[in-house]
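Participant: Have a look at the structure that comes next, please.
The values are calculated or read from the model by the stated rules, or taken from the named source; none is laboratory data. Quantities reported herein were computed from a predicted structural model and do not represent experimental measurements. FYI the Cβ positions are ideal-geometry reconstructions off the backbone, even for glycines, and counts take in every protein chain you see.
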Amino acid sequence: MAAGGTARWPPVMDNHMPVQRSGPVPQGAVAFLWALASSQEEALRAWVEENAPDGALVGWLHAQGLGPYAYHRLREAGLMAALPAEACEALQRIHYHGVVDALLHERELERVLQALAGAGVTPVLLKGAALAHSVYPAPDCRPMGDLDLWVTAEEMPLAQASLEAIGYQQWVKQARPVALQAQLEGEIQMISRTPGGGLVELHWGAFPGQWLRHASQVDVSGIRGRLASIAIAGRPARILSPEDNVIQVAVHLAINHQMGHPWARGLMDVALIARSAPVDWPGLAGRARAWRVATATWLVLRLTADLLGLGEARVALARLAPPSPRRWWIGRQCDDRTILEMRDIRHNWLRFVYQLSLVDRPGDAARLLGRALWPTNAWLAARYGRSDMSIRFRHLLAAAQGRP
């Protein structure tokens, strides 16, 4: 860690309930996800009457990042008393932890937004920072690890200086130098020394990374033209339009996370965005196709429709679906079981095969593979500090071994 201080790591872990990835899926889990994603209390009540959640289901929900939201929905429906004591107590522990963590994040976000406003910067909230305050019923329902804020390239120096003025320091990972992050529209990570502070990521773009740079064509000016204003504790911020938000969350989950963590919570994000405001599904599909992220968006929407009952997305799915052979191939790498069993391919070579399968055009796959193995001199200089042949072959060897 380049900067000192103590961050909140991890933000949603509970010492009494260790997270377990992969393993048996609790009975009734899919039906519970449908009920949880539904806005109707009757669906949740009917499930509880037939399938009282036990400790295994609560542990699974916790690992999926859905424990706080499940507690909120069950409590609001007056169903907590119907749960077995073990499940009730476990959900309460998750809830209490979530409330404390959400309060810390909310106070931190208020301080950050106030500092940025003083410099004339109004950021765009992304991911958890946006979703917790716009589509979930309460901020404690949506766990998050850091605060993601999108600013323009012109605003970045002002934003960084504003955070430094209130005690944040830049944190640079060796494999992700700032020059490379700027080139790929990534982020500057700022970590606080202040008690209760954590990690704030200042993003150059909402669609970062090597895959998106070479395989997509996102209309950034169009996104910015559709932003909506929001106030948090009286501080100004902005959020994406519903359609852009669905695409951004879907692409981030499919490409940047390779459908790994947060699994079902990522799908719940999509479902709640779609049900918090009217979504122009044909327009969303047209936008995803124009941006060349149709396949990645289709995958996440299909899984959300299957596992959370987002039937209204079928209109978009029909327009986004790749040809049948490709659907079969993608399904071999990622299907419903991937989410339910919390499988993770982010740290082995299979992630490259998976990512190549999600490009919309064959030429983009060839370009992506070529640049992964033989990047530009500018990329090498940003990543390693120089671009001579020894560095190029060092990178080629690392890529062949499946290392970043």
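Participant: From 389, 342, grab the single residue that is closer than 30 Å to residue 34 by Cβ, at pLDDT 90 or above and among the aliphatic types (A, V, I, L, M).
Facilitator: From the options 389, 342, the qualifying one is 342.
Participant: Pairs please, first residue from segment 268-282 and within 24 Å of residue 340 (Cα to Cα), second anywhere and surrounded by 21 or more Cβ atoms within 10 Å (Cβ to Cβ) and hydroxyl-bearing (Ser, Thr, Tyr), Cβ atoms under 6 Å, 6+ apart in sequence or on different chains.
Facilitator: Hits for this filter: 270/304; 271/304.
Participant: State whether one or more residues within segment 201-223 are closer than 30 Å to residue 71 by Cβ and either loosely packed, with under 15 Cβ neighbours inside 10 Å or of a type in the set (D, E, K, R) (or both).
Facilitator: Yes, there is a match, as at least one residue in segment 201-223 is closer than 30 Å to residue 71 by Cβ and either loosely packed, with under 15 Cβ neighbours inside 10 Å or of a type in the set (D, E, K, R) (or both).
Participant: Looking only at segment 136-158, count every residue that is of a type in the set (A, V, I, L, M, F, W, C), under 18 Å from residue 270 (Cβ atoms) and either in contact with a Lys or Arg (Cβ under 8 Å, 6 or more places away or on another chain) or in a strand (DSSP E or B) (or both) and tell me the total.
Facilitator: Going through segment 136-158 one residue at a time, the tally reaches 1.
Participant: Restricting to segment 212-259, name every residue that is under 19 Å from residue 185 (Cα atoms), hydrophobic (A, V, I, L, M, F, W, C) and without any contact (Cβ under 8 Å) to a residue 40 or more places away in the chain.
Facilitator: Once the filter is applied, which keeps residues that are under 19 Å from residue 185 (Cα atoms), hydrophobic (A, V, I, L, M, F, W, C) and without any contact (Cβ under 8 Å) to a residue 40 or more places away in the chain, segment 212-259 yields 220, 223.
Participant: Just one of the numbered conditions (1) in contact with a helix residue (DSSP H, G or I) (Cβ under 7 Å, 6 or more places away or on another chain); (2) surrounded by 20 or more Cβ atoms within 10 Å (Cβ to Cβ); (3) more than 16 Å from residue 131 (Cβ to Cβ) is not true of residue 295; which one?
Facilitator: Against the list (1) in contact with a helix residue (DSSP H, G or I) (Cβ under 7 Å, 6 or more places away or on another chain); (2) surrounded by 20 or more Cβ atoms within 10 Å (Cβ to Cβ); (3) more than 16 Å from residue 131 (Cβ to Cβ), residue 295 comes up short only on (1).
Participant: Which of (1) crowded, with 17+ Cβ neighbours inside 10 Å; (2) farther than 30 Å from residue 28 by Cβ; (3) β-branched (Val, Ile, Thr) is the odd one out, the single condition residue 353 does not satisfy?
Facilitator: With respect to (1) crowded, with 17+ Cβ neighbours inside 10 Å; (2) farther than 30 Å from residue 28 by Cβ; (3) β-branched (Val, Ile, Thr), residue 353 is out only on (1).
Participant: Hand me the list of strands (runs of 3 or more DSSP E) wholly inside segment 194-295 holding 2 or more residues that are small (Gly, Ala, Ser) and within 30 Å of residue 111 (Cβ to Cβ).
Facilitator: The strands (runs of 3 or more DSSP E) meeting that bar are 228-232.
Participant: Follow-up. Looking only at segment 342-370, which residues are basic (Lys, Arg), assigned to a helix (DSSP H, G or I) and within 11 Å of residue 258 (Cβ to Cβ)?
Facilitator: 351
Participant: Hey, any hits in segment 119-129 for a residue that's over 22 Å from residue 223 (Cβ atoms) and either of a type in the set (Lys, Arg) or at pLDDT 95 or above (or both)?
Facilitator: yes
Participant: Something else about it: Could you grab me the full set of residues in segment 278-288 that are crowded, with 17+ Cβ neighbours inside 10 Å and not small (Gly, Ala, Ser)?
Facilitator: 279, 281, 284, 287
Participant: Another question about this same structure. Filter segment 41-86 down to the residues that are outside any helix (DSSP H, G or I) and at pLDDT below 90, then identify the one that is surrounded by the fewest Cβ atoms within 10 Å (Cβ to Cβ).
Facilitator: Only one residue tops the list, namely 52.
Participant: A further question follows. Just wondering, is there one or more residues in segment 43-54 that are under 16 Å from residue 271 (Cβ atoms) and under 22 Å from the mean Cα position of the chain (by Cα)?
Facilitator: Taking every residue of segment 43-54 in turn, none turns out to be under 16 Å from residue 271 (Cβ atoms) and under 22 Å from the mean Cα position of the chain (by Cα).
Participant: Then there's this: Take the residues in segment 371-404 that are among the small types (Gly, Ala, Ser) and not in a helix (DSSP H, G or I); name whichever of them is farthest from residue 260 (Cα to Cα).
Facilitator: By that ranking, first place goes to 387.
Participant: Within the set of pairs 6 or more residues apart or between chains, which connect a residue that is within 22 Å of residue 208 (Cβ to Cβ) and not assigned by TED's automatic domain parsing to the domain that holds residue 115 inside segment 133-152 to a residue that is among the charged types (D, E, K, R) and surrounded by fewer than 22 Cβ atoms within 10 Å (Cβ to Cβ) with Cβ atoms less than 7 Å apart?
Facilitator: Here the result reads none, with nothing in segment 133-152 linked to a residue that is among the charged types (D, E, K, R) and surrounded by fewer than 22 Cβ atoms within 10 Å (Cβ to Cβ).
Participant: Need pairs with beta-carbon distance below 9 Å; first residue in contact (Cβ under 8 Å) with a residue 40 or more places away in the chain and under 15 Å from residue 176 (Cα atoms) and within segment 370-383, second part of a loop (DSSP other than H, G, I, E, B) and among the polar types (S, T, N, Q); sequence gap 6+ or separate chains.
Facilitator: What qualifies is 378/387; 379/387; 381/387.
Participant: A further question on this structure: Give 339, 330 a once-over and let me know the one that is in contact with a Pro (Cβ under 9 Å, 6 or more places away or on another chain) and either of a type outside the set (S, T, N, Q) or part of a helix (DSSP H, G or I) (or both).
Facilitator: Matching residue, one of 339, 330: 330.
Participant: From the set of residues in segment 87-118 that are of a type in the set (Val, Ile, Thr) and in contact (Cβ under 8 Å) with a residue 40 or more places away in the chain, which is farthest from residue 67 (Cα to Cα)?
Facilitator: The residue in question is 112.
Participant: Also, I was wondering about something else. Looking for whichever is exposed (fewer than 13 other Cβ atoms within 10 Å of the Cβ) and not β-branched (Val, Ile, Thr) here; the options are 381, 313, 366, 318. Which one fits?
Facilitator: Of the residues listed, the single one that is exposed (fewer than 13 other Cβ atoms within 10 Å of the Cβ) and not β-branched (Val, Ile, Thr) is 318.
Participant: Where the second residue is among the acidic types (Asp, Glu) and assigned to a helix (DSSP H, G or I) and the first is under 16 Å from residue 242 (Cα atoms) and assigned by TED's automatic domain parsing to the domain that holds residue 263 and lies in segment 295-316, which pairs have Cβ atoms under 9 Å and are six or more apart or on separate chains?
Facilitator: Matching pairs, first to second residue: none at all.
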